[in-house]
Structures are given as structure tokens and as C-alpha cells.
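Below is one structure, written out as C-alpha cells; the observations come after it.
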Amino acid sequence: MPDKTRKQLVEELNEALRKVAELKSEASRLGIADLPLQQEYLTENNKNSHGKPSNDPSCNHESIQVECEDTIDVELFRSLMDDFFKLTNIGIGIVDRKGNVLVKNEWQEICSKFHRGHPETREKCLESYLWSTRDMKEGEYRLYKCQNNMWDLISPIFINGRHVVNIFLGQFFFEDETPNMDVFITQAEKYRFEKDEYLSLLQRVPRWSKEKLDTVMSLYTKFASTIGHLSYSNLMLAKTIRKHRRALDALRESEDRFAKVFRCAPVMITLSNLEDGNYSEINDKFVEVTGYSRDEAIGKSSLDLGVISLHDRIKWIQELKTTGRVSEVELTIFTKSKREVRCIGSCEIISTKNGPQLLSLGYDITDRIRAEQEKEVFRAQFLQSQKMEAIGNLAGGIAHDFNNLLQIIIGYSEILLQNKKESGPEIGHLNQIHEAGKRGANLVKNLMTFSRRAENKPGPINLNDQIKELERLLTRTIPRMITIETILAPDLPMIEADPTQIDQVLMNLSVNAKDAIVDQGKVTIQTDTALLDEDYCLAHVGIQPGVYVRLTFSDSGQGMDSETLTHIFEPFFTTKSVGKGTGLGLSTVYSIVHQHGGSIDCQSVIGFGTTFRIHFPAVGC
């Protein structure tokens, strides 16, 4: 490559200055060219160990120097310095304020081989450099003779008004100057340099005229200014890049947090396109509740999957258009298996990198609704049991006093009947009084059983045996057009019960079934074993989980409506005509079953008959 002329070198420096202007313009466009930001950066990077800004040169501005070193285009400036060396035969370098060389080209061999190769003469070079760089002003240059007796030039590089590094130029003699050979011979001998080589290299040190020095320094100061501007612009751009990188890192961190919250949230969350409603993202809870995998759901809409009904979707869209969001609306969604799930849903339009999308949240309240329903059932049963207990206490108190009166009536009627002839005119009236007293006594007995004041004699019994005895009785007493079917489980566990009261339960249910059947029909009596879990027991007051003997008593009669079902176990409630029922049959059954630690349920549909299911605790299971 041919040596460049001074004109060419000036042109390259001017081109570098043009690039500085472009960098300034770009920095201004990025919003980093204002002075407060620049000052903030330099103040931030020019603090002492106590975190306070320092103007002490001993602080050395290390962090800024490192930044300057990092932002200098080493190859560009090395090329310029090489061209400068070829033009002037003067070595040049960029040196920090501690004397560390950041960039350099070919320095004079006498310096690099001898003066900087020996620790004492190197220390002299450094002392001369540090002394000469004190209190320098921007745009000036300083000529000094180092302690090794050759001339050097330095010019400071300022970044935003702060002296950071220096351009160093040397070593040379002036043309009208005659070096003192005795001085250099003495140096060679003192520091044990190879004298002949040392003096030979001394002769190769360039000699400059004062005019050439002025010309070189004109380029020299421009060169220092160019480096300062480029370094500062690069520093500002680097800071902006770091700020943008921190912003991107913060954005990525925020997106990562959102993704984790989105994925692990205990509610269903989806993102969908506004145009077609297709899901662009779903979370794990949505997959868990609906049963649809990500591959099945992404790219399809809620209508495509059948997750929500068209009616609910239209309602949501109308509210979105009106208010821009939907808040806590109760709706039903449908899973992949077509199971209904009750939810509280909300949605809102949000901005994303893919444009506006619909963010939807759904909270599964199915278990809550079920719990509320179970709570309501439990409450109703509790109120029913309290009501039954209150009525029982009332009925028991009345029955006790009424039974005393009936015993008097029955006793005196029997005395009168004994003293009268059977053909007497008043005998018929006395018989009616006596029969009425006995019926009243039987009614009182039922009341006493309902109120739990009747004597209870429990013992281990087999429910199948009780049913077989009942079956023989029923075949002789009920109309022939009613068929009786028994389905009795073999090896049925024993129950702890009063046989008389169990017979009363079976008889009352049989009479109730007979009265419900018009013309012809069927009564089915079935036994088996059931394992009642906690869910069943929560819905039935006083029942504990375990093995139970189940009695199922069904008829094909007229059935009952839901309103009637809520009252069938209440005492004195009856659907029969006046004079055909006391209203104590089923209430007595209810009381006996609960006295034995069991439960009773009834299901009935008008036109399809009635089924009672009774559970007694099994013995020894």
C-alpha cells in the first residue's frame, strides 16, 4: 500500500469527523444526545469507592477508560496511525492517564527496545508522561522532553468535557538540535545497554522542523477530537443498547412470569382471536377441566369444541360490544365427555404482539354449587328432624294422657258388657263404645311409637325372615289383582332391631302400597347389602359410613308429586279421603327406622309408582 500524503490523511480525518456527526444525529434520534443524560452517565461512571462523584485525577476514571477502550474502533485508528507513521516516521499511540497503552503502532526502536525495556528507564518514561499530562485543556497539545532525553508530544482526549485518555506522539529531535552524545553514552553505560546498537538506533530517531511540528499538531488535535467524539458517541449508544437490553430482559422476565401464572393458575384462562374466536393459547386448568389437549383446542373456537353454547357466546359478544368486558357471569361449559361444569366467567379485550385478543377466565364452581345443594338438603333434613321431634314430643305427651282416659273408657265398657244380656237394647251401643276405645288405644300405640316412648326390645334378626312372614300374611289379605314379588339376598347380614316394630314398618308400607294401586298392580320387596360412603352420610343426618342392610319397597301405584313427597313423613299428613287414614303410617315408619340408626328415602313419579329405600346398620360387618 503506497504511503499517504498529508492531504489524504486530512481527508480521512475529515471523513471520520463526518461519521461522528452521523453518530450524533443517530444518538439524537434515539434520545441520548441531551446533556442531562450524558452528564448522568459520566457522573454514574465517575464515582469513588464511597459512591460520590470525584474530580481527583488519582481516581483515574477507570470505568470510563474501560468503556473508551471497548468503544474505540481499534482497526480504524490503527490504520490511521500506521498511515501517520509512514508519512512522518513518528510513532503514535492512545494511552490512558495511568500510562497504560491502549492502541499503538511502531514506536521508535530505541524506546521500545531500550527505554521501555529496562525497569528504571521505563519508570522515567512513566514519570515524564504523568507529569506532562496534568491540568491539560481540551484542544491543546504539550511538547516535553522525557527523562530519557527525547522529545514527546501528547494531546488529551476529552469525553463530554472530561479528560479520559491521551494521544501520545514521539520520539524525535528537532532539525536544528544536536543531541548530546555524552548523555546517551552515559545512559547506555549506566543501564548496561549494548552501546553500539543503542547509539545506532539513536541515529535513526527522526528530526522535525518547527513548521512540520505545527502541521503535524494540526492533524494531531483533530485526531484527538475525532477519537473523543467517536468514543463518546459509542459510549452513549452502548448505554442505550444496554438500556434497551435491560428493557428487553425485563420484558422477557415479565412475559415469563405471566406465562407461569397463565399456565399454573387455578382458574381456566384462554386467549382467542377476535375475528374467528379460535383459541391461540390455553392453560393447564382449561385442559384439566374440559379434557381437551392443547393440540385439540389451539386453532379451534369454543363453538367448534362445543365448550359453550351459542346462546352464551352471543350474550358474551353483545356485552363485550356494549361495555368492552364481561365480569363474573355464571354459565355452563361442556367438557369433552359432555359433562356439564358450572363456571363464573369473565373476559376482556387485551393488546398483544399478535394484535387485540380476548382474554377469558373461568372459575369452576360446580363443587361449590354441589356443596351448597348438599348443605341445603342437610338443612332441610335437620329442620325436618327437628319438626318431627317437636311433633313427636307433643304427640307423646298427648298420647300418654289420652291413653289413661281410653283405659278408663275401655275398662268401664267391659264391666257394663259383662253385666248386660246379649239381647239387651243397649248392648249394641256398648260394643261400639268398646271398639272405639280399642281403636283409640291402637292409635295411641302408634303415637307412642312415633314419639319413641313405646317400649323397644331390640335383638339380632334376619330381615328376610320377617319379610317371608309378611308375605304369607299379605297373600291372604290383599286383593288378588295385586302381585307380590320378593327378591331376597342370600346370606343377608343380621340387624339389631325390635321384631314387632320391624313388622309394623313392613305392614305400614304394604298398606300404603295397596292403597296406592288402583285395580291391578305389583308390589316388589327386595333386600341386599349396601356400603354407604361419606357422601351419602353427609346428605343423611345421623348416618355413619359402613355396611348396611337395604330394604327396597316398590309399588306400581299412582305415584306422588314433589310437593306431596316433602310432607309424607309428617304425622297426620295423608292423601286418603276422610275416615280412611290416620296420617300416622309413614311417620311411624320414619320414627322406627331412625330409632334403629337407619335412614329412609322415597322416590316417586306420578303414574310410575313409588319406591322406598330403607337402610339398617348391619351387625358384625
Quick one: accessible area per residue over segment 71-155, 1.4 Å probe, rounded to a whole number of Å²? 46
Using packing as a proxy for protection, rank 125-133, 508-516, 200-208 so that the peptide with the highest average count of other Cβ atoms within 10 Å comes first. 508-516, 125-133, 200-208
Check: segment 470-528 dipole with +1 on Lys, Arg Cβ and -1 on Asp, Glu Cβ, in debye: 380
Ranking SER301, SER79 from most to least accessible area with a 1.4 Å probe gives SER79, SER301
List, in order, the whole-Hz ³J(HN,Hα) value for each residue of segment 487-499 obtained from phi through the Karplus relation with A = 6.51, B = -1.76, C = 1.60 and θ = phi - 60°; use x for Gly and Pro. 10, 9, 6, x, 6, 5, x, 6, 10, 9, 7, 7, x
So what does log10 I(q)/I(0) come out to for segment 152-228 at q = 0.11, 0.15, 0.27 Å⁻¹, using the Debye formula with one equal point on every Cα and no solvent? -0.44, -0.69, -1.19
Determine the shape class of segment 109-253: with a ≥ b ≥ c the square roots of the Cα gyration tensor eigenvalues, call it rounded for a/c under 1.5, and otherwise prolate if a/b is greater than b/c, oblate otherwise. prolate
Given backbone amide H placed at 1.01 Å from N, residues whose amide H is under 5 Å from that of LEU102, ignoring those fewer than 5 places away on the same chain, are ILE94, VAL95, ASP96
Between LYS190 and THR564, what is the label-point separation in nm under the 7 Å Cα-to-beta-carbon projection? 13.2
Could you order the peptides 587-593, 366-372, 275-281, 217-223 from most to least packed, using the average number of other C-beta atoms within 10 Å per residue? 587-593, 217-223, 275-281, 366-372
Per-residue accessible area for CYS264 at 1.4 Å probe radius, Å² rounded to 10? 90
Using the Cα centre as the reference, give the magnitude of the dipole from point charges on the C-beta atoms of segment 217-292 (Lys, Arg: +1; Asp, Glu: -1; all else neutral), rounded to the nearest 20 debye. 780
Residue by residue through segment 302-317, the couplings from Karplus 6.51 cos²θ - 1.76 cosθ + 1.60 with θ = phi - 60°, in Hz, x for Gly and Pro, are 5, 6, 4, 7, x, 6, 10, 7, 4, 4, 5, 5, 4, 4, 4, 4
Leaving out ligands and nucleic acids, note down the accessible area per residue over segment 257-374 with a 1.4 angstrom probe, in whole Å². 59
J(HN,Hα) series, segment 539-551, from Karplus relation 6.51 cos²θ - 1.76 cosθ + 1.60, nearest Hz, glycine and proline x: 8, 9, 4, x, 9, 10, x, x, 8, 10, 8, 9, 10
Charge sum, other residues only, whose C-beta stays under 12 Å from MET136's C-beta, Lys/Arg counted +1 and Asp/Glu -1: +2
Residue span SER327 to HIS244: 0.36 nm per residue of separation minus Cα-Cα distance leaves a gain in nm of 26.2 nm
So if I restrict to the alpha-carbon atoms in segment 481-621, what is the Rg, and what is Dmax, the biggest pairwise distance, in Å? 15.1, 46
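From the Cα gyration tensor of segment 286-355, with a ≥ b ≥ c the square roots of its eigenvalues, which class applies: rounded if a/c is under 1.5, or else prolate if a/b is larger than b/c, or else oblate?
Cα axes put segment 286-355 in the oblate bin.
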Residues meeting the amide H criterion for PHE173 (H placed from the backbone, H to H distance under 5 Å, 5 or more places apart or on another chain) are ARG207, TRP208
Could you pull out every residue, at least 5 positions away or on a different chain, whose amide H is within less than 5 Å of the one on ALA497? Hs are placed 1.01 Å off N in the peptide plane, and Pro or chain starts have none. GLY459, ILE461
Projected label distance in nm at GLU175 and ILE298, using a 7 Å step from Cα toward the beta-carbon: 7.9
Around ASP276 (Cβ within 11 Å, Cβ-to-Cβ, excluding ASP276; K/R +1, D/E -1) the net charge comes to -1
XL table LYS468/LYS522; LYS375/LYS514; LYS124/LYS210; LYS315/LYS338; LYS145/LYS239; Cα-Cα > 28 Å flagged, in table order, is LYS375/LYS514; LYS145/LYS239
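The values are calculated or read from the model by the stated rules, or taken from the named source; none is laboratory data. Keep in mind that this is a model prediction, so the values were computed, not measured. For neighbour counting, all protein chains shown are included, and Cβ atoms are generated from backbone atoms with ideal geometry for every residue, glycine included. Ligands, DNA and RNA are stripped out before the accessible areas are found, and what is left, the full protein with its side chains, is counted by its heavy atoms. Shrake-Rupley method; radii C 1.70, N 1.55, O 1.52, S 1.80 Å.
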